[in-house]
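Read the structure below first, then the notes.
The values are calculated or read from the model by the stated rules, or taken from the named source; none is laboratory data. Owing to the predicted nature of the structure, the values given are computational and were not obtained by experimental measurement. Here Cβ is always computed from backbone atoms with ideal geometry, including for glycine, and neighbour counts include all displayed protein chains.
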Amino acid sequence: MTSPLAAEAMARCDALAQCSEETGAITRPYASESLRRAQALVADWMRAAGMAVARDNIGNVRGRYEGLVADAPVLLLGSHIDSVRNAGRYDGPLGVVVALAAVQRLRDERRRMPFAIEVIAFADEEGLRFRSTYLGSRALAGALPAAELERADASGMTMAAAISAFGGNPAALADDRWRGPAPLGYVEVHIEQGPVLEARRLPVGVVSAIAGQNRYALNFKGEAGHAGTVPMNGRRDALAAAAEFVLAVEAEGRAVAALVATVGQMDVRPGAANVIPDDVDLSLDVRDPEDGERLQSCGRLLERAEDIGVERNITVTVKPMTEHAAVRCSPRLTEILAAAIGQAGYEVISLTSGAGHDGVVMASLTEIAMLFVRCKGGVSHSPGESVDAEDVDVAIDVLGRFLDLLARG
């Protein structure tokens, strides 16, 4: 039987799932009306947990539960509440509602820690709207370059304009960067997005590292022509060139042990059944827990794209989008988190995250740790995301034990 806090956390994930730009699917981009509704819910839940609530210019919602003394150091908890297109309901929001449950328990027990706790619901981690990840955490860490504000979404609206429409001031983003002493750390609870915990029949695990990641936008430019009249040996088919590159990406991912490489987006023009495609945009995402391996694979793939262009008389243009080095989690915080799992009566296992998280950026500000929660089939970024309330109960319990152990230390 699950605790009321776990049942409430599950219900809150369900409530956030109703905040979407699409009917029948969860799509919650940055600075959208659906995100505004989700933030209003989170802000109400923070107040109910006894937290003072603020919203910064990028749109992060931040709830603060004060410590025993006014100048106590601060521990950061949280995750993001934006989503990919046609998402599941737990990637991101689960970390926010579990953190809120841990604070709610402290309030219910009328307890304060020797440190303040700040729960952050980051406004953008996925990068769906502007194809630029970690906007919320980068703003907090003071790592969001002014040039990013000129990025435009599919409608042509710039990020700066979107921030203004969302109630922020793009000229004042620097005012929201973390000030004062470094936080005690940043801890994020997240679904595993993989099959290991389920295979081991364990509800939670600790994360040792977050894989490094590179994203690129590639364009293949050929020549359009009539599908019935242009001979096969005279074609400059941009889609055929792009397809060859997609297979090269798959082959690279299979050839390198821990590497994953993905083409997740493709736009083909002119898009008519009887016209040879002359213009193709596609994305490339490459990840590996070892930076050296990742960068070598990126080099090989980009070289292969260039060779395909030469072989097929296609112009290939590559635009780097984002790059993040692999991040090691804090040995100190991870050890405390592992002790909390042990106290709760579970075997402790260590996992590497192949997905990116706000912790990638937060590691530039403070030490980080992550707690993974078992998810059914390892499915994520899909409506098939599923977690058990019993596992969420364990996560809330472990996070509470973590807070107590950190307080004693």
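Do we find that L68 is touching a Pro at 6+ places or on another chain (Cβ under 7 Å), farther than 16 Å from F166 by Cα and part of a loop (DSSP other than H, G, I, E, B) in this structure?
Values: touching a Pro at 6+ places or on another chain (Cβ under 7 Å): yes; farther than 16 Å from F166 by Cα: yes; part of a loop (DSSP other than H, G, I, E, B): yes.
Criteria met by L68.
Name the one entry in R312, R294, R236 that is touching a residue at least 12 places away in the same chain (Cβ under 8 Å), closer than 24 Å to F130 by Cβ and charged (D, E, K, R). Give the steps one after another, and end with the answer.
On the way: R312 fails: closer than 24 Å to F130 by Cβ; R236 fails: closer than 24 Å to F130 by Cβ.
Selected residue: R294, the only one of R312, R294, R236 that is touching a residue at least 12 places away in the same chain (Cβ under 8 Å), closer than 24 Å to F130 by Cβ and charged (D, E, K, R).
Looking at V256, is it surrounded by 15 or more Cβ atoms within 10 Å (Cβ to Cβ), within 29 Å of G378 (Cβ to Cβ), among the hydrophobic types (A, V, I, L, M, F, W, C) and not assigned by TED's automatic domain parsing to the domain that holds V379? Lay out the reasoning, then the answer.
On the way: surrounded by 15 or more Cβ atoms within 10 Å (Cβ to Cβ): yes; within 29 Å of G378 (Cβ to Cβ): yes; among the hydrophobic types (A, V, I, L, M, F, W, C): yes; not assigned by TED's automatic domain parsing to the domain that holds V379: yes.
Taking the combined requirement at face value, the residue satisfies it.
Can you pull out every residue in region 184-214 that is in a strand (DSSP E or B) and of a type in the set (D, E)?
The first filter runs over region 184-214 and keeps only residues in a strand (DSSP E or B), leaving 185-191, 204-210, 212-214.
Across region 184-214, the qualifying residue is only E188.
Among residues belonging to region 391-409 that are acidic (D, E) and out of contact with any Pro (no Cβ under 7 Å at 6 or more places or on another chain), point out the one that is nearest to A344 (Cα to Cα).
Of the residues in region 391-409, the ones acidic (D, E) are 391, 393, 397, 404.
Next, from what is left, pick out any that are out of contact with any Pro (no Cβ under 7 Å at 6 or more places or on another chain): 393, 397, 404.
Details: D393: 11, D397: 7, D404: 13 Å.
So, considering only residues that are acidic (D, E) and out of contact with any Pro (no Cβ under 7 Å at 6 or more places or on another chain), the one nearest to A344 (Cα to Cα) is D397.
For region 307-338, what are the residues that are out of contact with any strand residue (DSSP E or B) (no Cβ under 6 Å at 6 or more places or on another chain) and either among the aromatic types (F, W, Y) or surrounded by fewer than 17 Cβ atoms within 10 Å (Cβ to Cβ) (or both)?
D307, V310, E311, N313, P331, R332, E335
Condition check: over 20 Å from V187 (Cα atoms) and of a type in the set (A, V, I, L, M, F, W, C). Does A48 satisfy that?
Answer is yes for this residue.
In region 198-220, what count of residues is obtained for those that are over 27 Å from I314 (Cα atoms), among the hydrophobic types (A, V, I, L, M, F, W, C) and buried (at least 22 other Cβ atoms within 10 Å of the Cβ)?
Matching residues across region 198-220 total 5.
Considering region 149-180 alone, what residues qualify as being of a type in the set (S, T, N, Q) and either in contact with a helix residue (DSSP H, G or I) (Cβ under 7 Å, 6 or more places away or on another chain) or surrounded by 15 or more Cβ atoms within 10 Å (Cβ to Cβ) (or both)? Lay out the reasoning, then the answer.
Filtering region 149-180 for residues of a type in the set (S, T, N, Q) gives 155, 158, 164, 169.
T158, S164, listed by residue number.
I'm trying to understand the selection: among the residues of region 380-391, which are more than 16 Å from G88 (Cα to Cα) and under 22 Å from the mean Cα position of the chain (by Cα)?
D391 - this is the single residue of region 380-391 that is more than 16 Å from G88 (Cα to Cα) and under 22 Å from the mean Cα position of the chain (by Cα).
When you scan region 175-184, do you find a residue that is without any contact (Cβ under 8 Å) to a residue 24 or more places away in the chain and not charged (D, E, K, R), even just one? Steps first, please.
Taking region 175-184 first, the residues without any contact (Cβ under 8 Å) to a residue 24 or more places away in the chain are 179-180.
With not charged (D, E, K, R) added as a condition, the list becomes 180.
There is at least one residue in region 175-184 that is without any contact (Cβ under 8 Å) to a residue 24 or more places away in the chain and not charged (D, E, K, R).
Can you say whether A242 is touching a strand residue (DSSP E or B) at 6+ places or on another chain (Cβ under 7 Å), surrounded by 13 or more Cβ atoms within 10 Å (Cβ to Cβ), within 19 Å of R300 (Cβ to Cβ) and touching a residue at least 12 places away in the same chain (Cβ under 8 Å), as far as the supplied structure shows? Don't jump to the end; show me each part of the working.
Values: touching a strand residue (DSSP E or B) at 6+ places or on another chain (Cβ under 7 Å): yes; surrounded by 13 or more Cβ atoms within 10 Å (Cβ to Cβ): yes; within 19 Å of R300 (Cβ to Cβ): yes; touching a residue at least 12 places away in the same chain (Cβ under 8 Å): yes.
Taking the combined requirement at face value, the residue satisfies it.
Residue check, N86 against (1) farther than 22 Å from A116 by Cα; (2) without any contact (Cβ under 8 Å) to a residue 24 or more places away in the chain; (3) touching a strand residue (DSSP E or B) at 6+ places or on another chain (Cβ under 8 Å), all met but one. Which one?
(2)
With the requirement that a residue be surrounded by fewer than 24 Cβ atoms within 10 Å (Cβ to Cβ) and part of a strand (DSSP E or B), what does region 102-117 give you? I'd like the intermediate steps shown before the answer.
From region 102-117, those surrounded by fewer than 24 Cβ atoms within 10 Å (Cβ to Cβ) are 104-116; that's our starting set.
Scanning region 102-117 gives a single hit, A116.
Can you go through T262, T315 and tell me which one is under 30 Å from L94 (Cα atoms) and of a type in the set (S, T, Y)? Quick ask: steps written out before the conclusion?
Values: T315 fails: under 30 Å from L94 (Cα atoms).
That would be T262, the only listed residue that is under 30 Å from L94 (Cα atoms) and of a type in the set (S, T, Y).
Take the conditions out of contact with any strand residue (DSSP E or B) (no Cβ under 7 Å at 6 or more places or on another chain), more than 21 Å from C375 (Cα to Cα) and either part of a helix (DSSP H, G or I) or in contact (Cβ under 8 Å) with a residue 40 or more places away in the chain (or both) and apply them to Q39. Does it pass?
Numbers: out of contact with any strand residue (DSSP E or B) (no Cβ under 7 Å at 6 or more places or on another chain): no; more than 21 Å from C375 (Cα to Cα): yes; either part of a helix (DSSP H, G or I) or in contact (Cβ under 8 Å) with a residue 40 or more places away in the chain (or both): yes.
No, not satisfied.
Here is a check on your reading of the model: is S386 surrounded by fewer than 17 Cβ atoms within 10 Å (Cβ to Cβ) and part of a loop (DSSP other than H, G, I, E, B)? Break it down stepwise before answering.
Values: surrounded by fewer than 17 Cβ atoms within 10 Å (Cβ to Cβ): yes; part of a loop (DSSP other than H, G, I, E, B): yes.
Taking the combined requirement at face value, the residue satisfies it.
Residues that are closer than 25 Å to A25 by Cα and assigned to a helix (DSSP H, G or I): does region 138-156 have at least one?
No.
Each row is one residue, and each column tells you yes or no for (1) more than 19 Å from P145 (Cα to Cα); (2) in contact with a Gly (Cβ under 7 Å, 6 or more places away or on another chain).
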residue: N169; (1), (2): no, no
residue: D175; (1), (2): no, no
residue: G180; (1), (2): yes, no
residue: I191; (1), (2): yes, no
residue: G194; (1), (2): yes, yes
residue: V207; (1), (2): yes, no
residue: L218; (1), (2): yes, no
